[in-house]
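Participant: Take this structure, written in structure tokens, and hold onto it; I'll ask about it next.
Since every read-out is calculated from the coordinates, none of them should be taken as a lab result. Since we're looking at a predicted model, the values are computed, not measured. Positions of Cβ are backbone-derived with ideal geometry, glycine not excepted, and every protein chain shown enters the neighbour counts.
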Amino acid sequence: MQILWLAESERSLPAEADWLTPAERERAGGMRFTKRRMDYLLGRWVGKNAVARALGYPLDPPSLASIAIRNAEDGAPEVWIEGAPAPIGISLSDRAGWGVCAVGLGDAPVGCDLELVEPRSRVFVGDYFTAGEKAWVEAADGDEEWDARANLVWSAKESALKVLRSGLRRDTREVEVTTAAGSAPGWEPLSVQVSQGPLFSGWWQRFGDFLLSFAAGREGPPPVCLSEPPALGAAEPFHDWLERPLSPADGG
């Protein structure tokens, strides 16, 4: 299964809303909190651009407005084009001002997760990781490698839970991540075993302060970025919403 992906910054969002569907504009306009609204818009922006690039659509506002990213009943994103469901799977993730969309070419679901490599406590690892994952993290050589390993396991779990379309409603210890120790240039393989369920294959790579992982229901080659060089390669985390936590309409 081939995974295509794209990263976009919150700061790349257009000033105009003509790339959104009427329903998306209405929903975004009703969101009071800036972070929630920006996360919603960023997801639609990176998702529409990824789908358009993957399918060979133009990137002009009318073409993007013909693509809708809707949430299914279980919360998973689904693609609709010109009012009809599209036979293409996507997954969305955002962190610290950046959003990622994974597009799965094939009949198997895909999941992605973007994380910052940040401190993760022993309590966190003990509460959410399996015994095997905990032992792998605890074998890290120093705090920096501990944080990298802990965030990698957590990211891969999130990706796998998106493939299952359950998210964090499911016990994170029901999926167990296996990957090589440390990191290397380019994509590294991983696998996630679902308790009494399937084995997912996946990939991960670190981009500066960020760590990106993918999981899929079927094996395939390393992910391919839909823009070169990947914008995430030079990405810096930011939190612009802190300057105005409420939208202007709410007096923020």
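Participant: Which angle between 0 and 90 degrees, to the nearest 10, do you get for helix 143-163 versus the longest principal axis of the chain when only C-alpha atoms count?
Facilitator: 60
Participant: Note down the nm distance, to one decimal, between modelled labels 7 Å out along Cα→Cβ at ASP127 and at SER63.
Facilitator: Label at ASP127, label at SER63, 4.6 nm between them.
Participant: Follow-up question, since we're still on this one. Rank-order 163-172, 129-138, 52-61, 198-207 by packing density, defined as the average count of other C-beta atoms within 10 Å over each peptide's residues, highest first.
Facilitator: 198-207, 129-138, 163-172, 52-61
Participant: Give the cross-link partners of LYS157 among the lysines, using a straight C-alpha distance below 23 Å as the criterion and excluding same-chain residues fewer than 8 apart.
Facilitator: Filter leaves LYS134.
Participant: Most mobile of GLY208, GLY220, GLY142 per a Gaussian network model of the chain (Cα springs, under 10 Å)?
Facilitator: Top of the fluctuation ranking is GLY142.
Participant: Just subtract the alpha-carbon distance of ARG244 and GLN196 from 0.36 nm times their residue separation and send over the number in nm, one decimal. Show your work: numbers first, answer last.
Facilitator: Values: separation 48, 0.36 × 48 = 17.28 nm, distance 4.59 nm.
Answer, rounded to one decimal: 12.7 nm.
Participant: Right, here's the next one. If the reach is capped at under 18 angstrom between alpha carbons, list the aspartates and glutamates near LYS162, excluding any in the same chain fewer than eight residues apart.
Facilitator: ASP39, GLU73, ASP74, GLU78, ASP94, ASP107, ASP113, GLU115, ASP171, GLU174, GLU176, GLU219
Participant: For the chain, what does the helix formula give at 222 nm: sum of -39500 (n - 2.57) over DSSP H segments with n ≥ 4, over the residue count, nearest 500 deg cm²/dmol?
Facilitator: -8500 deg cm²/dmol
Participant: OK, next. By how many nm would the segment from ALA72 to ASP18 lengthen if fully extended, with 0.36 nm per residue of separation less the alpha-carbon distance?
Facilitator: Fully extending the segment from ALA72 to ASP18 adds 17.1 nm.
Participant: How would the stretch 97-140 be classified by its alpha-carbon gyration tensor: rounded, prolate or oblate, with rounded meaning a/c under 1.5 and the a/b versus b/c comparison settling the rest?
Facilitator: oblate
Participant: For the chain, with a Gaussian network of springs between Cα atoms less than 10 Å apart, report the residue from ASP113, ASP240, ASP39 with the top mean-square fluctuation.
Facilitator: With Cα springs under 10 Å in the chain, the top fluctuation among ASP113, ASP240, ASP39 is at ASP240.
Participant: What nm distance separates the two modelled labels at LEU105 and ARG11, each placed 7 Å from Cα along Cα→Cβ?
Facilitator: A separation of 3.2 nm, rounded to one decimal place.
Participant: What is the local net charge at GLY97, summed over the other residues whose Cβ is closer than 9 Å to its Cβ (Lys, Arg +1; Asp, Glu -1)? Present the calculation step by step, with values, prior to reporting the outcome.
Facilitator: On the way: positive: ARG11, ARG95; negative: GLU10, ASP94, GLU236, ASP240.
Around GLY97, the surrounding residues sum to -2.
Participant: Give me the dipole magnitude in Debye, nearest 20, for the chain about the Cα centre, with unit charges on the beta carbon: positive for Lys and Arg, negative for Asp and Glu.
Facilitator: About 540 debye.
Participant: Connecting C-alpha atoms closer than 10 Å in a GNM of the chain, tell me which of GLY47, GLY97, GLY29 has the biggest fluctuation.
Facilitator: The residue with the greatest mean-square fluctuation here is GLY29.
Participant: Among [x] 125; [y] 133; [z] 116, find the value of volume of the Cα convex hull per residue in Å³ that was calculated from the structure presented, and write down its label.
Facilitator: [y]
Participant: Let me ask something else. In Å, what Kirkwood hydrodynamic radius results for the stretch 116-252 from the alpha-carbon pair distances?
Facilitator: 16.3
Participant: If contacts are Cα pairs under 8 angstrom and at least 6 residues apart, what is the relative contact order of the stretch 2-240 in percent?
Facilitator: Result for the stretch 2-240 is 21 percent.
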